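Asks: Let me give you the structure first, and then I'll get to my questions.
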Amino acid sequence: MVKRPKSGRCVHCLQNVDNLTRDHVFPSAWYPDNTLENLQRWTVPSCKKCNEEYGRLEEDLLLRLGICICPEDANSSGISDKVLRSIDPESAKNRTDKRFRERKREKIKKELFQWKTMPTIGLHPNFGVQNNIYYPEYLTILISAEKLERLCHKIVRGITYITDKVFIEENSNIHFFTVDDKAARPILEDMKKNLVTYELPGIKVVRAMTSGNLNAGFYAIEIWGRLKMYAVVKPKKLSC
């Protein structure tokens, strides 16, 4: 007997659909290669449309972020190698795959900017010059702020569903922001007593919720120890 697709609400768009899929809160390709195979990963109900859209978004972000992280960092073990292989024609399975990798590689090369000295503005926090590494030149690549915000929203909605089995409803807003570690430290210190931490390999989510309202709270998201995003969820009637 063929099992019928499960119906219900999508965590992302909040619509009721007849063919729910399971979407990974933390993209499956983003797990470091030292992740245990039998690890239970965070997944949430998602409509096919949202699942596919986020899949394309995550693939693009992974390519850009993956070439900017240290291949020797245990927090992101294997990620940069995986990304470089994805644009290496010699790693292709067939001619069609080879052409696809060549096009993707050329696209990325055109979006790289070379600098004699590292720019002082426009760098994402924690993605500047790394200590004890010699740089004969500096290369940068553009990262979509909109895509980072959508990724943050996805993780916030996902972890809320995982922990509380509730949806962030349309009457609440998710406010996304990025700051450097120094600026974030006082916020985290002030909320220290109320913070709860959730972790899987490659990702950590620190969360503080408003008493009596599971659709309001603060989230600090850290990926590979480098990509850090913050979000505040609050009812629209309280939003600025």
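The values are calculated or read from the model by the stated rules, or taken from the named source; none is laboratory data. Everything numeric here is computed off the predicted structure, so don't read it as measured data. For neighbour counting, all protein chains shown are included, and Cβ atoms are generated from backbone atoms with ideal geometry for every residue, glycine included.
Asks: So residue 139 passes all but one of these: (1) buried (at least 17 other Cβ atoms within 10 Å of the Cβ); (2) over 26 Å from residue 13 (Cα atoms). Which condition number does it fail?
Replies: (1)
Asks: Working only within the range 208-238, note down all residues that are touching a Gly at 6+ places or on another chain (Cβ under 7 Å) and of a type outside the set (Val, Ile, Thr). If you could, list the steps in order and put the result at the bottom.
Replies: Within the range 208-238, the first condition is being touching a Gly at 6+ places or on another chain (Cβ under 7 Å), and the residues that meet it are 208-210, 223-224, 233.
The answer is 208, 209, 224.
Asks: Let me ask another. Say we look at the range 186-223 and pick out the residues that are free of Cβ contacts under 8 Å to residues at least 12 places away in the same chain and within 29 Å of residue 35 (Cβ to Cβ); which of these is farthest from the chain's Cα centre (by Cα)?
Replies: Here the answer is 192.
Asks: What number of residues within the range 35-80 are over 16 Å from residue 19 (Cβ atoms), not in a helix (DSSP H, G or I) and not acidic (Asp, Glu)?
Replies: Total satisfying the criteria: 14.
Asks: Do we find that residue 16 is modelled with pLDDT of 95 or more and closer than 23 Å to residue 155 by Cα in this structure?
Replies: Details: modelled with pLDDT of 95 or more: yes; closer than 23 Å to residue 155 by Cα: yes.
So residue 16 passes the test.
Asks: Something else now. Does the range 116-137 hold any residues that are among the polar types (S, T, N, Q) and within 19 Å of the chain's Cα centre (by Cα), and which are they?
Replies: Initial filter on the range 116-137 (among the polar types (S, T, N, Q)): 117, 120, 126, 130-132.
126 - this is the single residue of the range 116-137 that is among the polar types (S, T, N, Q) and within 19 Å of the chain's Cα centre (by Cα).
Asks: Of these, 70, 50, which one is surrounded by 14 or more Cβ atoms within 10 Å (Cβ to Cβ) and closer than 30 Å to residue 8 by Cα? Walk me through how you get there before you give the answer.
Replies: Values: 70 fails: closer than 30 Å to residue 8 by Cα.
Among 70, 50, only 50 is surrounded by 14 or more Cβ atoms within 10 Å (Cβ to Cβ) and closer than 30 Å to residue 8 by Cα.
Asks: Hey, another quick one. Among 75, 126, which is modelled with pLDDT of 90 or more, touching a Lys or Arg at 6+ places or on another chain (Cβ under 8 Å) and either within 19 Å of residue 30 (Cβ to Cβ) or assigned by TED's automatic domain parsing to the domain that holds residue 200 (or both)? Can you show your working first?
Replies: Working: 126 fails: modelled with pLDDT of 90 or more.
Unique residue meeting the criteria: 75.
Asks: Test residue 203 against the stated conditions and say whether it is closer than 28 Å to residue 170 by Cβ and either surrounded by fewer than 16 Cβ atoms within 10 Å (Cβ to Cβ) or charged (D, E, K, R) (or both). Even if it seems obvious, please write down each step before you answer.
Replies: Numbers: closer than 28 Å to residue 170 by Cβ: yes; either surrounded by fewer than 16 Cβ atoms within 10 Å (Cβ to Cβ) or charged (D, E, K, R) (or both): no.
So residue 203 fails the test.
Asks: I've got another one for you. Out of (1) more than 16 Å from residue 28 (Cβ to Cβ); (2) under 21 Å from the mean Cα position of the chain (by Cα); (3) part of a helix (DSSP H, G or I), what's the single condition that is false for residue 140?
Replies: (3)
Asks: Okay, moving on. So for the range 229-236 (the condition being loosely packed, with under 11 Cβ neighbours inside 10 Å, in contact (Cβ under 8 Å) with a residue 60 or more places away in the chain and not aromatic (Phe, Trp, Tyr)), does at least one residue qualify? So that I can check it myself, show each step before the final result.
Replies: First pass over the range 229-236, keeping only residues loosely packed, with under 11 Cβ neighbours inside 10 Å: 236.
Now restrict to residues that are in contact (Cβ under 8 Å) with a residue 60 or more places away in the chain: 236.
From the residues that got through so far, the ones that are not aromatic (Phe, Trp, Tyr) too are 236.
Taking every residue of the range 229-236 in turn, at least one turns out to be loosely packed, with under 11 Cβ neighbours inside 10 Å, in contact (Cβ under 8 Å) with a residue 60 or more places away in the chain and not aromatic (Phe, Trp, Tyr).
Asks: Could you please find all residues in the range 9-49 being within 17 Å of residue 160 (Cβ to Cβ) and among the aliphatic types (A, V, I, L, M)?
Replies: Passing the criteria: 11, 14, 25, 44.
Asks: Which residues, taken from the range 84-134, are part of a helix (DSSP H, G or I) and loosely packed, with under 10 Cβ neighbours inside 10 Å?
Replies: Narrowing the range 84-134 to residues part of a helix (DSSP H, G or I): 84-86, 89-91, 95-110.
Scanning the range 84-134 gives 90, 95, 96, 110.
Asks: Tally up the residues in the range 155-177 that are within 14 Å of the chain's Cα centre (by Cα) and assigned to a helix (DSSP H, G or I), please. Break it down into steps so the answer makes sense when it comes.
Replies: Residues of the range 155-177 within 14 Å of the chain's Cα centre (by Cα): 155-159, 176-177.
After this cut, where a residue has to be assigned to a helix (DSSP H, G or I) as well, the list is 155-159.
Of the residues in that region, 5 qualify.
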